[in-house]
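Right, one structure below, let's go through it.
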Amino acid sequence: MTDLENLWDDYPTGKPPVTAILAATAGEQRRRRRILLRPLLTAGVVTGIAGAFVAGTLVDGGSGPGTPPGGGSAQPERVAFQADLEPAASCDELLQSYVARGKKLVTAWGWNGGPVWYSADLRNQRGALNAIEDAPVPVAGRLDRSLAAKSLRPATEGSFSSDTGTNVQEAGVDEPDTVKTDGTLLVAVRDGDLVTYDVTGSSTEQLSTFPLRGIEAPEIMLAGDTVVAVGADRDAEPDHPGTRVLTVSLASPGEPELTDDVRYDAGVLSARQHGSAVRLVLESGLPDLDFVEPNDKRSPQAALRRNRALVAKSTIEDWLPSITTDDDASRPLLDCTDVAVPSDELALDTTSVVGFDASKPATVDAIGLAGHTGIAYESDDHLYLATQAGWGGGCVRCLIDSGSPTGFGPAGGSSYLFDFALDGTAATHVASGEVEGAIRDRWSIDEAGGVLRVAVGPTSETGNFNSVVTFERRGKQLVEHGRLDRLGRNEDIQSVRWFDDLAILVTFRQVDPMYAVDLTDTSRPRLLGKLKIPGFSSYLHPLGNLRMIGVGEGPSSRGWGAQVGLFNVRDVTRVRRLDVHSYGGGFQALAGADPRSFTWLPDKRTVITVLERWTGERRVGYVSVLHVKDSRLHQRLVQVEYGDDVDRVRTVPLPDGRVVLVTGDKAQFFELP
């Protein structure tokens, strides 16, 4: 950690019933598609959309989004895309777009051909940017008098768990997790089962165990007495991830009942809940066609010609996702005229934005984009989809250090932004924009007061530094409103935390610069202060307007390992680190990768965070209880789990002040100091 860590509109008439036409062919077989990118339920992930296309509502047993039940003339429908992208006018037009772009993308080896880059190589490329002039960064040594007034001073605010017990990014926007509670009932996922507990007594009481069949690695949301479980579809083709949504009624907690089973042949990028409305962002990937590869009898040129011919012969059913409900009737999720065609800057894919009420998961509002982005962020009333900018070069796929496939984003160095206004289960595209630089993840995006704020890292179109950029809506565009450049030269963004008029940004290469950015005037972001300390904070959590916690890694007398820092943020121009607790070599805090493993109990001034440590080949899980008192951290470490079950450890706060510790095999009250 560092010195700043010590610091910190027209209604169209009805459309052709192409959904009903497509349903006949979609039901014949579930097409496989190759997912080049994105694991299931990744913490930050999304797709881009823009344009003016009409949203349809798929109703289980209905006649499609373009035709009213029982026939008759179609009624006017809302315009779901009201900005710069045009929806396809027909299935033929949409297919032509897919084929034209697919023929450019396919190689003699299929979709996966082309150059492969490694993240280390990407880091080396950044050195070429050092020749860009390094203009001085304006630093506000002092706030001007008007800002010095306490009521106008940028300040942090407290962040708390959702009503269902999950540590979330945005208040009012719940996220799926393996544990949920309504204060009297606790529901947990364990080994593919849904387990319910009564938590009103002096000890927890298990009420039932209900199998979540056909779903892998489920995570749940809780809407009243309905559980919505989202996970990978076990019945999907091995090389084509699908998504399954199960809803379970807990009207009788001792006897849970499955109410709906809905399947999508697309992977899930994001799942969020607003009251009873659930929204999924899905990614279909590319069609799994019978591609050939060069061999002793087939030249690369011949293989390429063959593969391009296969793409040319593909059908619209190969490209668009389907939805299957309880009666096993598969039908297209999207009408062709509900799919917007983006510019060629977006990677080829089909992204779907799907909304439904938790009580009616088979009735969906669904719109789509014939492109890929990779990041989704939701505020209380907007969904932002963003692309992950690349360094250019036309790479089809890239491997990060772990060796897993990852999205390379557009070939250029700009990230594209798409803004959707939310209304219940419906999403309406209202603006688009772009920013030079790379967006790391959803935590790098935030909205406050109608202004979009984005933290970006370096690409081929920027200097070798990070920036904070603000956007405002002007008509149908997201227009740059203000920016602050040259933050963390030669450093990588590790974490970002946003407040109404303040941003805390942590970068890292060898030391941890932490930057406090004043966003009081969003047209002129200002650097308030900078702190450099060894290590870095991968997760930041405000405790209020006086203190902040930074969870990350750093050196200690016992080697490099997890550490937690306590910061004084009363004066954000002079943030100070008050205390730091280092756990020693081998320890790692999970909050950096999964903030749901972090809990803040404001009434008890206590932080609980999950740690792991490898001893040989054995993985051991702990909860660290840190009590904040007299500007110091008082720590207690409790060993709680082993192996893969470490990822399932949660500490869930209840309204009465008690905390439930959930591990791989039990849920019990946890004693606090």
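The values are calculated or read from the model by the stated rules, or taken from the named source; none is laboratory data. What you see is a predicted model, and the numbers here were worked out from it, not measured in a lab. Note: ideal-geometry Cβ built from the backbone for every residue, glycine included; neighbour counts use all protein chains shown.
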Task: V199 vs. criteria closer than 16 Å to S276 by Cα, β-branched (V, I, T) and either assigned by TED's automatic domain parsing to the domain that holds L282 or touching a strand residue (DSSP E or B) at 6+ places or on another chain (Cβ under 6 Å) (or both) - done: no
- [ ] Return the only residue of S495, S537, S556 being surrounded by fewer than 24 Cβ atoms within 10 Å (Cβ to Cβ) and either at pLDDT below 90 or small (G, A, S) (or both).
- [x] S556
Open item on the list: Which count do you get for residues in segment 190-231 that are over 17 Å from R648 (Cα atoms) and within 20 Å of the chain's Cα centre (by Cα)?
Closed with: 2
TODO: For residues that are assigned to a helix (DSSP H, G or I) and over 14 Å from S538 (Cα atoms), scanning just segment 561-608, find the one that is nearest to the chain's Cα centre (by Cα).
DONE: P602
TODO: Please verify whether segment 174-196 includes one or more residues that are touching an Asp or Glu at 6+ places or on another chain (Cβ under 6 Å) and either outside the structural domain of D265 (by TED's automatic domain parsing) or among the basic types (K, R) (or both).
DONE: no
- [ ] Would you check which residues across segment 492-507 are closer than 13 Å to V551 by Cβ and out of contact with any Ser or Thr (no Cβ under 9 Å at 6 or more places or on another chain) and list them?
- [x] none
- [ ] Answer yes or no as to whether L505 is of a type outside the set (G, A, S), farther than 20 Å from S631 by Cα and in contact with a Gly (Cβ under 9 Å, 6 or more places away or on another chain).
- [x] yes
Open item on the list: Need the failing condition index for V572 against (1) of a type outside the set (S, T, Y); (2) in the same structural domain as V469 (by TED's automatic domain parsing); (3) crowded, with 24+ Cβ neighbours inside 10 Å; (4) closer than 23 Å to D500 by Cβ, just the number.
Closed with: (2)
TODO: With the checklist (1) of a type in the set (A, V, I, L, M, F, W, C); (2) within 25 Å of the chain's Cα centre (by Cα); (3) more than 28 Å from T373 (Cα to Cα) in hand, flag the one item L528 doesn't pass.
DONE: (2)
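Which one is surrounded by the most Cβ atoms within 10 Å (Cβ to Cβ), of the residues in segment 301-320 that are small (G, A, S) and assigned to a helix (DSSP H, G or I)? Write out each step before concluding.
First, the residues of segment 301-320 that are small (G, A, S): 302-303, 309, 312, 314.
Restricting the remaining residues to those that are assigned to a helix (DSSP H, G or I) gives 302-303, 309, 312.
Numbers: A302: 14, A303: 21, A309: 11, A312: 12.
If we take residues in segment 301-320 being small (G, A, S) and assigned to a helix (DSSP H, G or I), then A303 is surrounded by the most Cβ atoms within 10 Å (Cβ to Cβ).
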Task: From the options R596, R577, R570, residue that is in contact with a strand residue (DSSP E or B) (Cβ under 8 Å, 6 or more places away or on another chain), farther than 18 Å from F508 by Cα and of a type in the set (K, R) - done: R596
Task: Only one of A438, A427, A411 that is of a type outside the set (V, I, T), modelled with pLDDT of 90 or more and over 23 Å from V496 (Cα atoms) - done: A427
TODO: Can you work out which of the residues in segment 341-382 that are among the charged types (D, E, K, R) and out of contact with any Pro (no Cβ under 6 Å at 6 or more places or on another chain) is nearest to V278 (Cα to Cα)?
DONE: D357
- [ ] With respect to R636, determine if the residue is more than 28 Å from the chain's Cα centre (by Cα), within 27 Å of D518 (Cα to Cα) and either charged (D, E, K, R) or in a loop (DSSP other than H, G, I, E, B) (or both).
- [x] no
Task: Candidates S432, S523, S467, filtered to the one that is touching a strand residue (DSSP E or B) at 6+ places or on another chain (Cβ under 9 Å), outside any strand (DSSP E or B), small (G, A, S) and at pLDDT 90 or above - done: S523
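Confirm whether D401 is in the same structural domain as E93 (by TED's automatic domain parsing) and modelled with pLDDT of 80 or more. So that I can check it myself, show each step before the final result.
Numbers: in the same structural domain as E93 (by TED's automatic domain parsing): yes; modelled with pLDDT of 80 or more: no.
So D401 fails the test.
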Task: Candidate set: segment 508-520, residues that are in a strand (DSSP E or B) and modelled with pLDDT under 90; chosen: the one surrounded by the most Cβ atoms within 10 Å (Cβ to Cβ) - done: M514
